[in-house]
Every structure is written in C-alpha cells, then in structure tokens.
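The values are calculated or read from the model by the stated rules, or taken from the named source; none is laboratory data. Just so you know, these numbers come straight off a predicted model, no measurement behind them. In this analysis, Cβ positions are derived from the backbone assuming ideal geometry, glycine residues included, and neighbour counts consider all displayed protein chains. Remember, those area values only see protein heavy atoms, side chains included, never the ligands or the DNA or RNA. Shrake-Rupley method; radii C 1.70, N 1.55, O 1.52, S 1.80 Å.
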Amino acid sequence: MNRISISATRLKLDQILDLADIHGAQIIALQESNLKDSTYFKNQGYNISRSDRKDKHGGRLAFLIRDLTYESIDIDCTNDSDLELQGIKICWRGKKLNIINAYRPPNNKSLPSDLINLFVENTIFIGDLNAKHLNCGCSANNQQGLDLINMIDDSGFCFLNDGTPTHSSYSYATVEALDIAFVSPNIFPGCKWSVLGNIGSDHLPILIKLDARQPAYKDRKKFWNFKKADWESYASSVDSKINKNPLTNDVEFDWLTLKDIIIRNAKNTIPRGNFRKTKKHFIHKSEPLQNLLEEKRYLLGASVYLLNL
C-alpha cells in the first residue's frame, strides 16, 4: 500500500483520481493522507471514510469509495498509540469482505500481539507498518517484520507481495517493500497484486484486483518433496546464514530469526507441490436461464479494484 502524503509530496488529488480512473479502481486506500478537514469528495463521485488522529503528529488514514456500498468497521484491538487502523466492509461474492487500512511510523517497538485478532476470514489487510522482512522483498529483517511474519504464520494468512520493492530511500539509496498486503487464505486465489509506476512519491502505488469469479478448489494439500531435496545445499546455506546471525540476548528474536532461516532455505532447496482436485463452475447454455444467470453474476458483484496509495 502506498503512503502518499498529499502536502509533503505536493501531489494533487486529481493525480490520484486520474490514476484510479485509468485502472478502474473503486477503492483508494491512503496512509499518511494529511487530508484537511475541509476536503470533500462527494462531487467527484467518491464517498470518503477517514480516520483522523486527534494529535497534530497523526498521519491520518482514508478510504475513497465509489460505486460500492460499504460500512465502517469499529476497530478496538490495541492500545498502541503509534498504530493507526481503519476498516470498511463491502459486499464481495455475496459475502462481507473486511478491508483493513493501517499505518505505523518507523520505530524499534514490537507490533502489538492483539493485532492478530483482525486476521479473520474474508479479510484483506493493507498498509505501511514499516515492517521489514526478506519474505516481502526487503533487504533485511526488523523487529516489526519478524512480529508480522509470526502472526501471519500463526493465522494462516497469505502475502500478496511478490518481492517487488515499493519504497525508495533517496537519502540512503535503498529500495524496500514496506507497503504490504496480506489476505485470509479463502480469498487469496481471487486476488492479484501489481506495482504501478512512480507518480511523484517515494512510495509506489499498488493495484490489487479482487476477482468475483474464480474456479473452486477442494482437497488442496501442499507437500514437501523430500526425495528430491538438495540436502547438501540446504545444510550449507543454513549453516552459512546462522553464522551470519549471531545469538543475541533476545530469545524470541533469535527464535524467529532461526525459523525464518530454516523455512527460507527449505523453500530454495526442497521442491514443493500440491494435490488438488478442481470443481468446475456450473455452466448451462439453456436460453431461458441466461437472464437468471446474468442476474446472479450481477448480484455476486463484478471485479473490485483496490488502489493503494
């Protein structure tokens, strides 16, 4: 998700709305929006749902929504004063879909453990938590990144990030994947992630497509093919990474680092696969049923595009 500070980057709102028009986005998620209280979008075809911090240092979050019925989510899961959270619900595939927008400034504090309470079925979580992790495409891990990976592992959620950098630091000449999106496993197959071109911010805009129609899968089981594992490379790479990450006085940090080393190297040296049986959509070409099928597709909803800025 991309953090665009309107005032800091001097981007005009028209640029954001034009980008949404080009890609057909129905929802725009903003972190550190710095929107003024007087900002009004009704006349541009958008409704606005915003979360403004009371203190002057707040970054502010906002959703811009058009052509969709939505309702706000009352989030009360943490007392972390640095973490900003905002949520809305929309109808997708005939069910309620939760979209959580989040921002946290860079610091060395752990993520609040009760954040995992938001990781429930039919949920997409987007934002900039300044959580760095190699799995997302960052150059290194930080405490927030390790905390987040641990929560995602425990909840079974799936990253949409494909490793593409989303943030450039002009001061340090580095690129990271700070803008993240992860979803509950039941909606993961219907989501598509892509990073768009620069529009004048140090964060790149991200487009997420939520497709209303997809094949249904059942009996899907993943497995490790240990017979084809390259054990020599696995042992060598694990030993090398462990030697480069000496133990600290923080047992939890050391455990998460070790787990990350083992899993990442296993993925690189042990082939994986999955058994799955597909169940095709019911298709009936009977002419009298065509109108009913069209009405069904309309009620389920068309593809939703979520633009994260």
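The figures follow:
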{"quantity": "Residue list for the stretch 61-92, filter: modelled with pLDDT under 85 and open to solvent by 60 Å² or more (accessible area, probe 1.4 Å)", "calculated": "Asp76, Asn79, Ser81"}
{"quantity": "Enumeration of residues in the stretch 91-138 that are hydroxyl-bearing (Ser, Thr, Tyr) and touching a residue at least 60 places away in the same chain (Cβ under 8 Å)", "calculated": "Tyr103, Thr123"}
{"quantity": "Some residue of the stretch 167-187 being out of contact with any strand residue (DSSP E or B) (no Cβ under 6 Å at 6 or more places or on another chain), under 21 Å from Val120 (Cβ atoms) and free of Cβ contacts under 8 Å to residues at least 40 places away in the same chain", "calculated": "no"}
{"quantity": "Qualifying residue in the stretch 257-266 (condition: open to solvent by 70 Å² or more (accessible area, probe 1.4 Å), modelled with pLDDT under 85 and not in a strand (DSSP E or B))", "calculated": "no"}
{"quantity": "Residue match in the stretch 242-251 (condition: at pLDDT below 65 and open to solvent by 90 Å² or more (accessible area, probe 1.4 Å))", "calculated": "no"}
